[in-house]
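Here is the structure we will look at.
The values are calculated or read from the model by the stated rules, or taken from the named source; none is laboratory data. Just so we're clear, the structure is a prediction, and the values are computed from it rather than from any experiment. We place every Cβ from the backbone using ideal geometry, glycine too, and count neighbours over all the protein chains shown.
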Amino acid sequence: MKLTKMSALVATTALCAPMAMAEDMANELTIVSWGGAYSASQKAAYHDPYTAKTGVKIINDESSAEAVAKIRAMNEAGNVTWDVVDVVASDAMRLCDEGLAEELDHDAVLAAAPDGTPASEDFGNLIVSDCFVPQIVYSTTFGYRTDLVGDTAPTSVCAIFDLDAYPGKRSLQKRPIDNMEWALYCDGVAKDEIYDVLSTPEGIDRGLAKLDTIKDSVVWWTAGAQTPQLLADGEVVMGSTFNGRLFSAIAEQNQPIGMLWDMQSFDLDGWIVPAGLSAERKARAMDYLFFATDTQRLADQAAYISYGPARKSSAPLVGKHATLGIDMAPHMPTDPANAGNVHTYDYEWWADNRDDIDAKFQAWLAK
Amino acid sequence: MALTPVTPQTPAFTAGTAAAFGAFAGLFVGTAQGSGLMGIVLGAVILAILGAIAPMMAGKDKPVRWAVFFGFIAAGYAFGGIPAAVVGGIFGAFFGWLIFFVASGRYRESLAPYLTPGQVLWHYAFRVICGVIFIFLITPILVVMPLSFNSQDFFTFTPEMLQFKAEGYSLKHYRDFFTNDDWQNALRNSVTIAPVATVLSVGFGTLAAIGLSQPHVPFRRAIMAILISPMIVPLIISAAGMYFFYSRIGLQGTYLGVVLAHAALGIPFVIITVTATLVGFDRSLTRAAANMGANPVTTFFKVQMPLILPGVISGGLFAFITSFDEVVVVLFVGSAGQKTLPWQMFIGLREQISPTILAVATILVVVSIGLLATVEMLRRRSERLRGISPT
């Protein structure tokens, strides 16, 4: 008897579930992002106001780390379930090249600045791909333990390679990007010649040889949260990570950590719309993008996390932190005081050379 | 129960044994303080001295043991405050007992008189090795529990925590779990997916096991192998296959899809446990029921089911835990709307090392212990009913 009731229940749920799904799909957006504090800032600055305005329910999927692979698989299976996806610029370029992301006419689909400047001018050269709508400028930079570096706090990125002045472990991201550039810069290569040197086999060897001098003292990280954890534990003296993670460890969690902005590596993060959406879903995704990337919205996000808005017109609107009440402008990677010596990461060069250098880097790591 | 008369040991023997233990403990204390070698030497020397004294103090066990106990507490406190004093107290109590256990020869008491010294040594070495393995397995789980009460947002034992100050501890990660929408949605998804997947696994698995236990079914072994294959094939392969298959038939990213995928993973557990209970099932009972006019369905529910119920329930619990802990398949088959607890924990670990994960882990460990204790009690009950074990 009991079993009969149970199976009736199962059958009913089984029948109702797809119907419920179908109804919701009409008024729902699946937005993919990175999770953690970053997704929380997007929810507060974009999602909640958008839902309040339009009634569209937003589902947050935290899969950006696997975005390229998953979009490929969805495309192959003919079942694209994502509407708007947050990816870094280099992933957006790859997806665009493979035809997996929609190409956009930025001026037609995005809001103009309040003074009427068209979107393409307001974003300027940050539109690195036809499929990409820039959202924030972040940087990969260094934090150090203020109580472990002695009397002289590091002011140059080359402190990473200086084991005499700053003994102890340092954490670096487990990939060649940025690390190779920093290594060559600290080996005496001029900033504007880094990629020329790195284009030669000798240049790659030279970068790896420089990294070799500190290899035994490096803890390699793969997730942005690892360096703050290692710094909080005192396991490392200094380490690279995304500037927003360091800001939250310093300002929100009161850890004894200082920022080393020298040679910070700028990168972009933004939206793409996957190819293959139905006309109706695509229209809904575009409506969201128009709203979420206007001047005010981008400035609002900066109240929750210390990443710089991608629009020029948003910069003057950046205010105070939403809960701590501190001015956010001095914590932005784009602030003139922080951006004195910046390393500009060359997307195209890395797109062409990534596979080759990755292989050499991995081989060097395994040695 | 003394098997062997005891004779007190020589100071040299006691000192040597105690020194070995001291060196082992010293290795850990020394490493924590920065020099493992120094710790080994100091630990060995201190315990050798205590071990040499003990045989001379025979009969005055109590005062000496208290003295060692408080001596270690004091030394620990001087070294590193309250936490070190607690560790010192544990070491002091153990070493105080150890030196008299060895010195008085009592360790020989419960062993057969004909054992060689080598066999006696192995008898105790075996127990020490088992203890070390046990500690190795359980420590990571135990470390997580106090960390989940951390008042900071990192996986760090802060100085306040180590000094047992109230401000070092907080329930905020538990509060975060119970108030944060992401975690609550994940919890809701987990508790709506796991029971339905379990019901499906138990239903199909039990029927399959009963069918496959009939001797006249053709290709029994082959069918059995296919049904339990989800347990053997690497999960990532099942997951990728399910992803493409479910996408084509419109089940990918739906509640039903995740439930079916989890049911497929749970069925092997049910088949295995139910098949095992059916081995002890007396088939003449079903024939007797048929003889008295019961149809097969009535026979199943009235006669067979109550007897194999413990196997069904423990299989169901394994199926439930499989669905509740599973992260790989749901990442492929599910979409954000079906985000389960393990998925949320996986994201949390990757994007933000938040101790909320530890709070959830602690809750899940407690739940898992409860479920496994139930399984064990059912197993004992079934054995008792079938008269296999008298206890």
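Miscellaneous remarks
- Members of the stretch B:40-60 found to be free of Cβ contacts under 8 Å to residues at least 40 places away in the same chain, of a type outside the set (A, V, I, L, M) and surrounded by 14 or more Cβ atoms within 10 Å (Cβ to Cβ), listed by number: B:GLY43
- The set of residues in the stretch B:30-39 that are surrounded by fewer than 19 Cβ atoms within 10 Å (Cβ to Cβ) and not aliphatic (A, V, I, L, M) comprises B:THR31, B:GLN33, B:GLY34, B:SER35, B:GLY36.
- In a residue-by-residue description of the stretch B:286-296, the property of being part of a helix (DSSP H, G or I), touching a Lys or Arg at 6+ places or on another chain (Cβ under 8 Å), over 25 Å from B:THR192 (Cα atoms) and among the hydrophobic types (A, V, I, L, M, F, W, C) applies to at least one position.
- Here B:VAL132 meets the list (1) of a type in the set (Val, Ile, Thr); (2) over 29 Å from B:VAL68 (Cα atoms); (3) in a helix (DSSP H, G or I) almost entirely, failing just condition (2).
- Tabulated pairs, the stretch B:269-293, first touching a residue at least 24 places away in the same chain (Cβ under 8 Å), second outside any helix (DSSP H, G or I), C-beta under 7 angstrom, 6+ apart or interchain: B:ILE271/B:ILE228; B:ILE272/B:ILE228; B:THR275/B:SER213; B:LEU278/B:SER213; B:GLY280/B:ARG386
- If the condition is being within 24 Å of the chain's Cα centre (by Cα) and surrounded by 21 or more Cβ atoms within 10 Å (Cβ to Cβ), then the stretch A:188-220 contributes only A:ILE194.
- Selection from the stretch A:77-122 of residues that are touching a Cys at 6+ places or on another chain (Cβ under 7 Å) and among the aromatic types (Phe, Trp, Tyr): none
- When restricted to residues that are within 12 Å of chain A (Cβ to nearest Cβ) and not in a helix (DSSP H, G or I), the stretch B:325-353 contains 5.
- A:SER63, sole failed condition from (1) within 25 Å of A:LEU100 (Cα to Cα); (2) more than 9 Å from every other protein chain (Cβ to nearest Cβ); (3) modelled with pLDDT under 95: (2)
- Residue match in the stretch A:67-75 (condition: surrounded by 20 or more Cβ atoms within 10 Å (Cβ to Cβ), facing another protein chain (nearest Cβ under 9 Å) and not in a helix (DSSP H, G or I)): no
- Condition met for A:ASP262 (in contact (Cβ under 8 Å) with a residue 12 or more places away in the chain and assigned to a helix (DSSP H, G or I)): no
- Applying the condition of being in a helix (DSSP H, G or I) and more than 13 Å from every other protein chain (Cβ to nearest Cβ) to the stretch B:229-261 and asking which residue is surrounded by the fewest Cβ atoms within 10 Å (Cβ to Cβ) yields B:ILE232.
To keep it simple, each residue is scored yes or no on (1) more than 14 Å from chain B (Cβ to nearest Cβ); (2) closer than 30 Å to B:GLN152 by Cα; (3) in contact with a strand residue (DSSP E or B) (Cβ under 7 Å, 6 or more places away or on another chain).
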| residue | (1), (2), (3) |
| --- | --- |
| A:ARG245 | no, yes, no |
| A:GLN264 | yes, yes, yes |
| A:ALA283 | yes, no, no |
| A:THR293 | yes, no, yes |
| A:ALA299 | yes, yes, yes |
| A:PRO309 | yes, yes, yes |
| A:SER313 | yes, no, no |
| A:ALA329 | yes, yes, no |
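- No other residue among A:ASP164, A:ASP130, A:ASP151 is in a loop (DSSP other than H, G, I, E, B) and in contact with a His (Cβ under 9 Å, 6 or more places away or on another chain) apart from A:ASP130.
- Scan of the stretch B:135-178 for residues that are in a helix (DSSP H, G or I), within 14 Å of chain A (Cβ to nearest Cβ) and either hydrophobic (A, V, I, L, M, F, W, C) or under 18 Å from A:GLY36 (Cβ atoms) (or both), ordered by number: B:VAL143, B:LEU147, B:MET161, B:LEU162, B:LYS172, B:HIS173, B:ASP176
- A:ASN60 being in contact (Cβ under 8 Å) with a residue 12 or more places away in the chain, within 22 Å of B:ILE249 (Cα to Cα) and either surrounded by fewer than 18 Cβ atoms within 10 Å (Cβ to Cβ) or in the same structural domain as A:ARG297 (by TED's automatic domain parsing) (or both): no
- Among residues of the stretch A:124-148 that are assigned by TED's automatic domain parsing to the domain that holds A:ASN243 and more than 30 Å from A:ASP107 (Cα to Cα), those with a Cβ under 8 angstrom from a residue that is assigned to a loop (DSSP other than H, G, I, E, B) and of a type in the set (A, V, I, L, M), sequence gap 6+ or separate chain, pair up as A:TYR144/A:ALA153; A:TYR144/A:VAL237; A:ARG145/A:VAL236; A:ARG145/A:VAL237; A:THR146/A:ALA153; A:LEU148/A:VAL237.
- Looking across the stretch A:180-221, just one residue is outside any helix (DSSP H, G or I), more than 19 Å from A:ASP355 (Cβ to Cβ) and among the polar types (S, T, N, Q), and that is A:THR213.
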